[in-house]
Structures are given as C-alpha cells and as structure tokens.
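Undergrad: Here it is, the structure in full.
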Amino acid sequence: MFASARRLALLAAALGGLAATVIAAPPLAPAPRTAEKPPTSDLVTTQEGKLPVILSAPHGGTHDVPGVAPRKGDGLPVGGSGFFAGRDGNTEELAHAVSAAIAKKTGKKPYLVVAKFHRKYIDANRPPEIAYEDARAKPTYDAYRQALAAYCRAVKKEYGRGLLLDIHGQGAMKDAVIRGTKDGKTVSLLTQRYGEKAHTGPNSFFGLLAGNGCKVFPERLAEKEYASLNGGNIVQTYGSGEYGIDAIQLEFGGEYREKAKLNDTADRVAATVDQFAKLYLNDK
Ligand SMILES: [Zn+2]
C-alpha cells in the first residue's frame with residue numbers, strides 16, 4: 001500500500017512538473033552506461049563474463065605495436081612502479097588457463113582483459129602519461145584500460161560487488177605468489193563488509209590460495225606486503241574506489257609460470273576463486 005501510494009505521489013509530482021521539465025530538459029540525454037562498448041583492438045583479448053570476477057594480465061604479451069618504437073623511459077625512475085620494459089613471462093597463457101579453469105570449476109566464465117602487445121611498447125599497468133611514448137600506442141592502451149573499466153562497471157551494476165585479479169610475474173621469489181593490495185587499500189570494500197579477516201585470515205583470498213597449495217607472501221597474511229610489488233596502477237585505479245569493486249594483484253614466481261605447470265597453477269587459482277566467490281561475492 002505504502003509503495004503504491006508513494007508511486008502515485010511521485011507520479012503526480014512528475015506530472016505537475018512536466019511542462020517545466022520539457023522546457024528545461026537538455027537536448028541530448030547522456031548515453032546509458034549499459035550500452036557502454038569500449039574500443040576494441042587486435043592487440044587486446046577481451047571476454048565478457050558470467051561471474052563477478054575480472055582477470056587482467058597487462059604484461060604477458062609478445063606482439064609488436066605497428067608503427068611504434070620500443071619505449072626508452074627517459075627521465076622515469078627505474079623498477080618498482082617506475083620504468084620497466086620486460087615481459088612477465090607466460091602470464092598471457094596463465095590468464096587464459098585461469099579463465100578456462102574457473103569456467104570448468106564453476107560452469108561460468110570470468111571477465112578477461114589480456115594484453116597481446118609487448119610491455120616494451122605499452123605498460124598498461126601505468127597511468128597514460130607514462131604508459132607509452134608514441135601517440136600511435138594510445139588506442140591500444142585505451143582499448144585495454146577502457147575494457148577493464150567497462151567490465152568493472154558491468155560487474156558492479158550486475159552483482160553490486162566484484163573482484164578484479166591482476167595477474168603478473170615476479171623474479172623476487174620463484175616459489176611464491178606475492179599479494180599486492182597496497183596493504184589492504186584495494187580491498188577496503190571487502191573488509192568493510194566482512195572485517196579484516198576477509199583480507200588477512202585463513203579464508204581470505206591468499207589464505208585460501210595457501211590452502212590450495214601455493215606458497216604465499218606475506219606468509220603471515222597480516223604482515224606488510226612486498227614493497228615494490230604491493231599493487232600497481234590497475235589495482236589502485238579499480239580497487240575499492242569509484243568502481244565499487246575490490247582488486248588484488250597476484251605476482252606469480254617463476255615456478256608457477258613454467259609451461260608444464262600452468263594448468264596446475266590455474267587449477268589452484270580457480271579453486272580459490274570458487275571458494276572466495278561463495279564466501280564474499282554471492283549476495284547482491
Ligand atoms: Zn607485471
């Protein structure tokens with residue numbers, strides 16, 4: 001009764017203001033966000049998902065960007081969040097393997113954005129002003145980042161929450177997977193809903209990943225993250241800010257990225273995603 005009475009009141013108010021509304025209305029309404037279609041590129045693989053999980057892998061590509069010279073990084077700090085042109089070996093393959101393993105485990109595909117372009121031309125895990133040096137690289141960079149942004153919005157809209165996993169490779173600890181959340185900042189929506197344990201407890205993403213047989217860092221999950229690998233521009237941009245979802249950077253050591261071990265690694269990550277989704281991504 002209350003709802004329908006309220007609707008009637010709103011309708012009356014709307015009708016009352018109709019003449020003024022018509023005069024005041026702007027000539028063009030903004031396009032609805034549901035129709036958002038990011039630009040596409042032959043150098044970026046994208047996949048729409050059926051789960052509130054988005055996989056990203058910006059550093060595993062091998063392809064040249066036509067007409068674009070390798071970046072030089074002049075004037076940029078080196079390493080960490082600065083200039084680095086090396087590939088995260090086998091992470092393109094790993095991202096696809098994780099996607100396939102999640103689909104097998106849950107019956108549903110995750111969203112996916114994977115670079116086919118080599119990092120020496122474009123670093124999609126950097127803000128645009130330092131991600132590329134040649135304007136001809138911009139459309140490819142934009143295709144990557146706008147696809148990610150569109151998928152984050154789609155997930156938030158459909159599920160009200162979500163998890164972005166940004167997949168990388170590191171050379172610091174070959175037998176470990178290093179967590180990057182800016183020490184919890186990029187998963188603050190998760191911890192607001194479920195408490196700190198959802199980030200640092202045995203049923204956190206990295207706690208579950210350890211339970212699925214991966215050596216994780218930090219090993220004691222509440223301790224500080226590895227300083228230079230604790231979360232780059234992607235997780236900082238899309239995690240726990242205006243996009244309304246959480247984000248975790250996964251830095252895989254070399255042993256997890258060996259060709260013969262990719263499917264095994266992918267199965268462990270998929271089992272973790274399945275457990276995590278049931279605990280934290282279920283209700284709207
Ligand atoms: Zn990387």
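Undergrad: For the stretch 2-280, calculate the relative contact order in percent as a whole number, restricting contacts to Cα pairs under 8 Å that are 6 or more residues apart.
TA: 23 percent
Undergrad: Next question, about the same structure. Which aspartates and glutamates have a Cα less than 19 Å from the Cα of LYS174, not counting those fewer than 8 places away in the same chain?
TA: Here the aspartates and glutamates satisfying the reach criterion relative to LYS174 are ASP88, GLU92, GLU93, ASP166, GLU219, GLU225, GLU251, GLU255, GLU258, ASP264, ASP267.
Undergrad: What is the list of residues in the stretch 88-118 whose amide nitrogen lies under 20 Å from a point 7 angstrom out from the Cα of THR62, following Cα to Cβ?
TA: Of the residues in the stretch 88-118, 88-100, 113-118 have backbone N under 20 Å from the label point off THR62.
Undergrad: Hey, what's the Cα Rg ratio for the chain versus the globular rule of thumb, 2.2 N^0.38 Å?
TA: Normalised Cα radius of gyration, the chain: 1.12.
Undergrad: Let me have the 222 nm mean residue ellipticity of the chain computed from DSSP H runs of 4+ only, each contributing -39500 (n - 2.57), with the sum over all residues rounded to the nearest 500.
TA: -11500 deg cm²/dmol
Undergrad: Kindly put ASP264, ASP123, ASP142, ASP246 in sequence by how many other C-beta atoms sit within 10 Å of each C-beta, fewest to most.
TA: ASP264, ASP142, ASP123, ASP246
Undergrad: Shifting gears a bit: Residue by residue through the stretch 52-60, which ³J(HN,Hα) values in whole Hz follow from phi under the Karplus form 6.51 cos²θ - 1.76 cosθ + 1.60 (θ = phi - 60°), with glycine and proline marked x?
TA: Per residue, the Karplus-derived 3J(HN,Hα) values read x, 10, 10, 9, 10, 8, x, 10, x Hz.
Undergrad: Could you line up GLU225, GLU242 from fewest to most neighbouring Cβ atoms inside 10 Å?
TA: Exposure proxy ranking, most exposed first: GLU242, GLU225.
Undergrad: May I ask you to work out the translational diffusion coefficient for the stretch 136-284 at 20 °C, viscosity 1.002 mPa s, via Stokes-Einstein with Rh from the Kirkwood sum over Cα pairs, reported in whole µm²/s?
TA: Rounded to a whole number, D works out at 137 µm²/s.
Undergrad: Below 12 angstrom from the Cβ of LYS174, what's the summed charge of the other residues (Lys, Arg +1; Asp, Glu -1)?
TA: Net local charge, LYS174 excluded: -1.
Undergrad: For the pair GLU48 and GLN192, what calculated FRET efficiency results from E = 1/(1 + (r/R0)^6), where r is the Cβ-Cβ distance and R0 = 22 Å, to the nearest 0.05?
TA: According to the calculation, E is roughly 0.20.
Undergrad: Just subtract the alpha-carbon distance of GLU242 and LYS215 from 0.36 nm times their residue separation and send over the number in nm, one decimal.
TA: 6.5 nm
Undergrad: Further question: So the label point goes 7 Å from the Cα of GLU223 along Cα→C-beta, right? Which residues of the stretch 175-204 then have their backbone N under 13 Å from it?
TA: 179
Undergrad: If you don't mind, there's one more thing I want to ask. Between GLU129 and LYS259, take the C-beta separation as r, use R0 = 45 Å, and let me know the FRET efficiency to the nearest 0.05.
TA: Efficiency, from the Cβ-Cβ distance: 0.80.
Undergrad: Rounded to the nearest 20 debye, what is the charge dipole size of the chain about its Cα centre when +1 sits on each Lys and Arg Cβ and -1 on each Asp and Glu Cβ?
TA: It comes to approximately 780 debye.
Undergrad: Then there is this: Could you derive backbone 3J(HN,Hα) for the stretch 62-70 from the dihedral phi with the Karplus parameters 6.51, -1.76 and 1.60 (θ = phi - 60°), listing whole Hz in sequence and x where the residue is Gly or Pro?
TA: 10, 8, 6, 9, x, x, 10, 7, x
Undergrad: Using each residue's phi in the stretch 96-112, evaluate 6.51 cos²θ - 1.76 cosθ + 1.60 at θ = phi - 60° and report the 3J(HN,Hα) Karplus result to the nearest Hz, with x for Gly and Pro.
TA: For the stretch 96-112, the Karplus curve yields 5, 5, 5, 4, 5, 5, 5, 4, 5, 6, 10, x, 9, 7, x, 5, 8 Hz.
Only the coordinates and a few stated rules stand behind these numbers; no lab work does. Given the structure is predicted, the values throughout are model-derived calculations rather than measurements. In this analysis, Cβ positions are derived from the backbone assuming ideal geometry, glycine residues included, and neighbour counts consider all displayed protein chains.
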